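Heads up, the thing below is written out as structure tokens.
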Amino acid sequence: MSHCRVSLVSLAIDIAIIGGGNAGLSLASELSRLRVAKTVCIFEPAYKIKKELHWSLWTNENQRQTLKHAIKGNWSQWKLVDYSGSVIRESSSHDYTCLSSAKYLSLCERQLSGKIRIIPKGVESVKKTSRQYIIEAGDQSFTANNVYDSRPPSVRPNSLMQHFLGVEVNIKKPMSAWQIATLMDFRVNQTRGLHFMYVLPFSSTHLLIESTMISQSLEPQNWYRNAIERWLAEREIIVESYLSEEVGVIPMDEVVPCDKTIPTIGVASGALRRSSGYGFSYIQDQAFRLAQQINQHNYDVPEPISKRIVLMDTIFNRVLTEYPEIGPSLFMKMAQALNGEQFARFMLGKATPSDWIRVVAAMPKVPFLKQLFHV
Ligand SMILES: Cc1cc2nc3c(=O)[nH]c(=O)nc-3n(C[C@H](O)[C@H](O)[C@H](O)COP(=O)(O)OP(=O)(O)OC[C@H]3O[C@@H](n4cnc5c(N)ncnc54)[C@H](O)[C@@H]3O)c2cc1C
């Protein structure tokens, strides 16, 4: 049943959310949780096709309770590895948690109130008049007082990107140390740019392995596949069955929204940490705060990541772009400088001034000072 009011020419709604991915559905479920009395339509062309991706983040116990139906794996320890050794970290307050994207989106959908409707169509155009937005989707027209656009943005040429191909596999022999998530293993081919393996062991015989690059150009898909095969062969890990494959490109630079005149949410609004590619917790935080504001009749989108963090990440990325060969040591030094608690805070954008001082003190001064004057 539609909860939208029918006018002569179009359906009139209070809020239009363009895109029912992470940001769109998280915002809608927060509005439902707060019982916000607004009519909302979410426009999502891929509504029926819920892609199974892996979304990971640091979670506390309350979050794990809320997200329990979407959790695919959880680790109290994580590590970074290079040829000089490994840095293993553990936090008493935060675990590293991997969610099934499809289950997370279904969880959000189940929480939607009767005032929120999903329109399984892509938005073709949005026009702003002096008082409202006019939205065309399929053969229908809608008028909305407020619009939040989460359509995937584009990136400028030569932007830094995190790009990867991952495989989920069952392996023949149980592996040791499967209780630790490997965030970055730099013992791989570094000739094409900063490269690492990301390995999540869901059990001793069930893994996700992603060959991940941070660079300005994508590689052919077989390049990542070969890197994974090589990494497995070097460890004498034999694959029993391939379960799925996942590819992704995450912008690590300023993004360009589809339409600059419409308020954006999610990655389109810059809710991605430029130095790490993590976005999930920033998107959650933005959805939480925006829903609270809407409940108070304030429709402005909150800044997803502080300007100070964006500036620091921009300088970090400039160093990575100019000196990719020192990339592995930068991440290793950052991990060495922080204990597990501080590390989780840092990744969640909640670093204290003393956490920042530790990280900055651990970085090589000359490349950073050079890039600081270019920002
Ligand atoms: C493969 C992959 C893995 C990632 N893993 C992690 C991770 O582990 N941890 C982490 O923190 N971050 C991760 N990220 C980054 C980020 O958290 C995700 O990209 C997240 O899904 C972004 O949410 P979003 O809502 O901004 O965009 P999306 O989830 O991409 O949602 C945008 C939606 O807009 C819809 N859309 C497109 N065109 C139209 C149209 N014309 N009209 C209406 N809707 C439209 C799309 O179908 C899509 O559903 C990952 C990103 C990728 C690509």
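The values are calculated or read from the model by the stated rules, or taken from the named source; none is laboratory data. Every value quoted in this text rests on a predicted model; they were computed, and no experiment measured them. All Cβ positions, glycine included, derive from the backbone under ideal geometry; neighbour counts span all protein chains shown. Each accessible area value is taken on the protein alone, full model and side chains, heavy atoms only, with ligands, DNA and RNA left out. Shrake-Rupley method; radii C 1.70, N 1.55, O 1.52, S 1.80 Å.
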**Message:** Can you give the FRET efficiency to the nearest 0.05 for residue 121 and residue 365, using r as the Cβ-Cβ distance and R₀ = 45 Å?
**Reply:** 0.25
**Prompt:** Where the centroid of each part is defined by its Cα atoms, how far is the range 257-317 from the range 138-204 in Å?
**Reply:** 19 Å
**Complete:** Note on the range 15-105: contact order normalised by length, alpha-carbon pairs under 8 Å, 6 or more apart, percent, works out to 32 percent
**Request:** Take every Cα pair under 8 Å in the range 158-302 that's 6+ residues apart, average their separations, divide by the length, and report that relative contact order as a whole percent.
**Result:** 27 percent
**Request:** Give me Rg over Rh for the chain, both radii from the alpha carbons and Rh done the Kirkwood way, two decimal places.
**Result:** 0.98
**Using distinct alpha-carbon pairs, which all enter the 1/r mean, Kirkwood radius of the range 145-288 in Å** = 16.7 Å
**Fill in**
Which residues qualify? For residue 74, with a placed amide H closer than 5 Å and at least 5 residues away or on another chain, they are 98
**Asked** When only DSSP loop residues count, what chymotrypsin sites (Phe, Trp or Tyr not before Pro) in the range 302-375 have their Cβ near at most 14 other Cβ atoms within 10 Å?
**Response** 373
**Asked** For the cross-link pairs 79/173; 50/260; 128/307; 48/172; 51/172; 68/121, which exceed 32 Å when the distance is taken from alpha carbon to alpha carbon?
**Response** 48/172
**Asked** Which whole-number percent gives the relative contact order of the chain, counting Cα pairs below 8 Å spaced six or more residues apart?
**Response** 19 percent
**Prompt:** For the range 214-221, in order, what is each residue's ³J(HN,Hα) by Karplus, 6.51 cos²θ - 1.76 cosθ + 1.60 with θ = phi - 60°, in whole Hz (x at glycine and Pro)?
**Reply:** 10, 6, 9, 9, 7, 9, x, 4
**Message:** Tell me the net charge near residue 165. Cut-off is 9 Å between Cβ atoms, residue 165 excluded, with +1 for each Lys or Arg and -1 for each Asp or Glu.
**Reply:** -3
**Fill in**
Taking a ≥ b ≥ c as the square roots of the eigenvalues of the Cα gyration tensor, with a/c under 1.5 meaning rounded and otherwise prolate when a/b exceeds b/c and oblate if not, the range 1-144 is prolate
**Fill in**
Expressed as a percent, the portion of alpha-carbon pairs in the range 307-372 spaced more than 15 Å apart is 50 percent
**Asked** Tilt of helix 22-33 relative to the longest C-alpha principal axis of the chain, in degrees (0 to 90, nearest 10)?
**Response** 60 degrees
**Request:** Summarise the accessible area of the range 276-330 (1.4 Å probe, protein heavy atoms) by the percent that is carbon and sulfur.
**Result:** 54 percent
**Item:** Accessible solvent surface per residue of the chain, calculated while the other protein chains remain in place, 1.4 angstrom probe, Å²
**Value:** 47 Å²
**Asked** In the range 269-375, what trypsin sites (Lys or Arg not before Pro) fall in a loop by DSSP, with at most 16 other Cβ atoms inside 10 Å?
**Response** 350
**Request:** Run through all the Cα pairs of the range 230-350 and give the fraction in each 5 Å bin from 0, expressed as whole percent.
**Result:** 2, 9, 14, 17, 17, 14, 12, 8, 5, 2, 1, 0
